[in-house]
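Written out below as structure tokens is the structure these notes cover.
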Amino acid sequence: MTTEQTAGLAFAAHDHHACSDEVLARAEALADEKGLRLTPVRRRTLEILLETHQALGAYDVLARLSEEGFGKQPPVAYRALEFLVENGLAHRIRRLNAFTACMHPGEPHSPAFLICTGCEQVAEAPGTEVQEAMQEAAGEVGFRIERMNIEAVGLCASCRAQGAA
């Protein structure tokens with residue numbers, strides 16, 4: 001699936017098991033291709049992030065890992081999350097101080113995150129045009145962007161239909 005096709009999955013009914021299995025398979029293939037070591041704790045962290053289209057904080061991930069015997073100390077989760085982010089298998093959602101699985105591991109893309117304040121789902125949408133516009137605007141004033149996260153907060157169609165505030 002393309003970025004455009006999967007952008008709305010977080011907000012729509014879909015076979016989430018198939019969705020997460022496909023992303024996990026692509027992540028494992030990418031790790032093999034790059035010679036990355038997807039240790040049991042790293043793999044399980046990615047699986048936890050793939051269980052839902054919601055972003056999870058490091059302590060939420062740590063609680064799950066701890067329940068499953070992977071350790072109780074914060075570095076366990078932080079190191080696994082850092083590895084996943086550094087290798088393009090997860091994204092950090094700065095506004096939420098949380099993490100979400102990358103829905104397009106191994107594909108060059110510039111994500112924009114749509115965060116629903118009603119159901120707390122997070123969709124990874126195409127953000128290339130927004131990033132290009134920001135680069136152009138920055139260049140016009142002599143500014144060099146080193147890092148950019150595009151995050152939009154609002155309500156998905158389902159939450160708007162339900163009258164969420």
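Tally the residues that are more than 20 Å from MET103 (Cβ to Cβ), charged (D, E, K, R) and either assigned to a helix (DSSP H, G or I) or touching a residue at least 24 places away in the same chain (Cβ under 8 Å) (or both), restricting the search to segment 119-165.
Selection size over segment 119-165: 4.
Among what's in segment 1-59 and is at pLDDT below 65, touching a strand residue (DSSP E or B) at 6+ places or on another chain (Cβ under 8 Å) and not β-branched (Val, Ile, Thr), pick the residue that is surrounded by the fewest Cβ atoms within 10 Å (Cβ to Cβ).
GLU4
Here is a yes/no grid of residues against (1) at positive phi; (2) of a type in the set (Asp, Glu); (3) under 15 Å from the mean Cα position of the chain (by Cα):
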position: GLU47; (1), (2), (3): no, yes, yes
position: HIS53; (1), (2), (3): no, no, yes
position: GLU68; (1), (2), (3): no, yes, no
position: ARG79; (1), (2), (3): no, no, no
position: PHE83; (1), (2), (3): no, no, yes
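If GLY88 satisfies every condition in (1) touching a Phe, Trp or Tyr at 6+ places or on another chain (Cβ under 8 Å); (2) touching a residue at least 40 places away in the same chain (Cβ under 8 Å) but one, which is the exception?
(1)
The values are calculated or read from the model by the stated rules, or taken from the named source; none is laboratory data. Bear in mind the structure is a predicted one, so any value in this text is a computation, not a measurement. Ideal geometry is used to build each Cβ from the backbone, glycine not excepted, and the neighbour counts take in all protein chains shown.
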